[in-house]
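Worksheet: the structure to be examined is printed underneath.
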Amino acid sequence: MNIRILGGCLRVFSWGAVLVLTGSVLMLLGYLLVKGVPSLGRDLIFGQVDVLDAVLLKKRVFDGLFPAIAGTLSVVVLSVGLAIPVGVCAGIYMSEFATVFQQRVFGLMFDILAGIPSIVIGLFGFSGAIFIHKYISKDFRPCLAVSVVALAFLVLPYITRTTQAALQGLGDQTRQAALALGATRVQNIFYVLLPRSVSGILSGIILAIGRCAEDTAVIMLTGVVATAGIPGSLLGSYEALPFYIYYISSQYTDAAELMSGYGAAIILLGVCAVLFFLAFLIKRHVAGPAGPARGRFHG
Amino acid sequence: MDNPVKIRVENLTFSYHQTPVFEHINLDFNAHAITAITGPSGRGKSTFLSLLNRLWESQPFAKMEGKVWILLDGQWVDIYGKTLSKPDLRRKVGMVFQTPNPLPMSIYKNMAFPLKLTGMTEKALVDAKITAALRQAFLWDEVKDRLHDSAFGLSGGQQQRLCIARALVSQPEILLLDEPTSSLDAGAASVIEDLLVRLKERCTLIVVSHYLDQVSRIADTALKLEARGFLPV
């Protein structure tokens, strides 16, 4: 009897949890749309500049979000681009080459790295920039390159851990198929194991994209500024959407400015959606058209 | 049995997590014959097969002592010695698993896969080898018009024959089969049994099987795996 009551409670609780989760997402999106949609438009992104002139970089946009969008895109693409090869290789090492002891030691390291607050990573990037400024080149200062490297550190553990988990999740059947046909260990990894793990690895990359796009603490300390225009060089300052949202919401002077902050939030979500969609397309392309293995067989 | 010996297992001991699975096994396997290995589940039948192509080595906590010799081109070769690399060994000693395991690609690409691993790219040669192996595995007529379709579109029995054909494309001298019909229905299983008997001309076969009737139908020699060793049936 007690077990039945407990079971019932668990069911109600689980339902409640799912409802709360779904409700929160819908409320958040709804609130953002209601507040932000009125400010969305050509002016929010390009200000008074002609769209074509802005996109072709003929005229600089001063009163729109275009430079911030470009900045966020650059920072995301570059830092994820830097983190993917390192993270995936580390994941391959962890899953395929490391001994049980090494897996424990390095796994702990990655977990510690994953747990470091982003502001600390930002501080680390800032200190690195100061060091270079002091000892290597007086011209060096916090810039896009510093943010990119610091953000790559921030997301490395996600990519490494998901790669490792995806590879280790493959069954012996999959692991041994190519080996039994005479594949070397490396051939097996590149021809079979990695292609079969793409969707797992991609979920780590999607996490990393989201993390890079939303992070404000790291970029605040490593090179983002309120007005910099389109990022022209890795060694220059840049603008970014989350930073814009942050300073508008803390320093707005009228309601219209605050509304543009909500608009920027919607655009940030849109930018992430586009990047996720690209990742999804890559996943479909790499995984190929063949369907998954079936569970049951018949003659 | 007059056939010469093809595989010689000498004083082989294998343990897993320091628990012995086999102890001091000495066995000979005859060439161009089917040797069946039977016995209760969990005694290490599949493990024994993996000792003959070194596939067990990816398992942590496993340890082997003793020697395994195979006769290649008139020479006895120690498969754990330095003369034969693991990939080369596995091309000579093919393996087919319990559940068909085609790779997620087309039938053609599955067949070309072992050749691609060796760097063979000349299309005419690859095609000829693929055709020959599919014919040997009784599969050519069923797939010749859809070589570029996904291998997962085949029935279970066809998939298993594809896996046998894929192993044959490297022209192995020994074929290890781990309960090759256990996931198939009776009809598909009987096609595979006929196929194995025919393959004796080309290879030496070692088949793990649960089914005693199957063993009596196809095997020239049968061994039963008992606690840590083999008994003739």
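Read the figures in this text as sums done on the coordinates, not as results from a lab. Keep in mind it's a predicted model, so treat the numbers as computed, not measured. Here Cβ is always computed from backbone atoms with ideal geometry, including for glycine, and neighbour counts include all displayed protein chains.
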Query - Percent of Cα-Cα distances greater than 33 Å, calculated over chain B - result: 16
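What average count of beta carbons from other chains do you get within 10 Å of the Cβ of residues in B:97-108? Could you put the intermediate results ahead of the total?
Details: counts 5, 1, 6, 5, 9, 3, 10, 11, 6, 3, 0, 0.
Mean partner-chain Cβ count within 10 Å for B:97-108: 5.
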Query - In order through the range B:68-78: 3J(HN,Hα) via Karplus (6.51 cos²θ - 1.76 cosθ + 1.60), integer Hz, x for Gly, Pro - result: 10, 10, 10, 8, 10, 6, x, 10, 7, 10, 7
Requested in this report: Calculate the dipole size of the range A:43-297 relative to its Cα centre from +1 charges on Lys and Arg beta carbons and -1 charges on Asp and Glu beta carbons; express the result in debye to the nearest 20.
Outcome: 1060
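Take the Cα atoms of the range B:96-233, build their convex hull, and give its volume per residue in Å³. Don't skip to the end; give the middle numbers.
Values: hull volume 16.4 nm³, N = 138.
Enclosed volume per residue, from the Cα hull, is 119 Å³.
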Report task. Take the alpha carbon atoms of the range B:171-233, find their radius of gyration, then divide it by 2.2 N^0.38 Å using N residues; give the quotient. Result -> 1.14
Requested in this report: Relative to the longest principal axis of the C-alpha atoms of chain A, give the angle of the C-alpha long axis of helix A:2-36, reported between 0 and 90° and rounded to the nearest 10°.
Outcome: 30
Query raised in the report: What base-10 log of the normalised intensity I(q)/I(0) is obtained for the range B:1-101 from the Debye formula, alpha carbons as equal point scatterers, at q = 0.11, 0.18, 0.20 Å⁻¹?
Result: -0.34, -0.96, -1.20
Query raised in the report: Mind checking the angle between helix A:144-168 and chain A's longest principal axis? C-alpha axes, 0 to 90 degrees, to the nearest 10.
Result: 20
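Would you mind giving the mean number of other chain beta-carbons within 10 Å of the Cβ of each residue in A:182-192, as a whole number?
Numbers: counts 19, 8, 5, 3, 0, 4, 3, 0, 0, 5, 4.
Mean partner-chain Cβ count within 10 Å for A:182-192: 5.
What's the Kirkwood radius of the range A:124-179 in Å, using all Cα pairs? Spell out each step's value before the answer.
Numbers: mean 1/r = 0.0706 Å⁻¹.
The Cα-based Kirkwood calculation yields 14.2 Å.
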Query - Choice from B:127, B:88, B:145 with maximal GNM fluctuation in chain B (Cα, 10 Å cutoff) - result: B:145
Query raised in the report: So what is the relative contact order for chain A, in percent, with contacts set as C-alpha pairs under 8 Å and at least six apart?
Result: 26
Query raised in the report: Of all DSSP beta bridges located in the protein assembly as shown, what percent are antiparallel, nearest 5?
Result: 60
Query raised in the report: What 222 nm value per residue comes from the helices of the protein assembly as shown, counting each DSSP H run with n ≥ 4 as -39,500 (n - 2.57) and dividing by all residues, nearest 500 deg cm²/dmol?
Result: -17500 deg cm²/dmol
Query raised in the report: Hey, which of these cross-link pairs are over 19 Å Cα-Cα: B:86/B:224; B:6/B:67; B:109/B:129?
Result: B:86/B:224
Report summary line: With +1 on the Cβ of every Lys and Arg and -1 on the Cβ of every Asp and Glu, the dipole magnitude of the protein assembly as shown about its Cα centre, in debye rounded to the nearest 20, is 260
Report summary line: Simple SL model, points at 7 angstrom along Cα→Cβ for residue B:31 and residue A:60; separation in nm is 8.3
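In square nanometres and to one decimal, what's the mean projected area of the convex hull around the Cα atoms of chain A? Walk me through the numbers before you get to the answer.
On the way: hull surface 97.5 nm².
The Cα convex hull of chain A, projected and averaged over all directions, gives 24.4 nm².
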Query - Ordering of B:96-103, A:25-32 by burial proxy (mean other Cβ atoms within 10 Å per residue, highest first) - result: B:96-103, A:25-32
Report task. Quantify how much of the Cα-Cα distance distribution of the protein assembly as shown extends past 33 Å, in percent. Result -> 57
Requested in this report: Mind telling me which of B:41, B:182, B:50 comes out most flexible in a GNM of chain B, alpha-carbon contacts under 10 Å?
Outcome: B:41
Query - Gyration tensor verdict on the range A:82-140 (Cα atoms; rounded if a/c is under 1.5, prolate if a/b is larger than b/c, oblate otherwise) - result: prolate
Query raised in the report: In nanometres, what is the gap between the two model label sites at residue B:65 and residue B:149, each 7 Å from Cα along Cα-to-Cβ?
Result: 5.4
Report summary line: Longest principal axis of chain B (C-alpha) makes with the long axis of helix B:156-168 (C-alpha) an angle, in degrees to the nearest 10, of 80
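With 24 Å as the cut-off, how large is the P(r) tail for the range A:1-141, expressed as percent of Cα-Cα pairs? Before the final figure, lay out the partial values.
On the way: 6823 of 9870 pairs.
Within the range A:1-141, distances greater than 24 Å cover 69 percent of Cα pairs.
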Query - Residue of A:256, A:264, A:83 that the Gaussian network model of chain A assigns the largest fluctuation, springs spanning Cα pairs under 10 Å - result: A:256
Report summary line: For the range A:107-115, Karplus-derived ³J(HN,Hα) couplings (6.51, -1.76, 1.60; θ = phi - 60°; whole Hz; x for glycine and proline) come out as x, 4, 4, 5, 5, 5, 4, 5, x
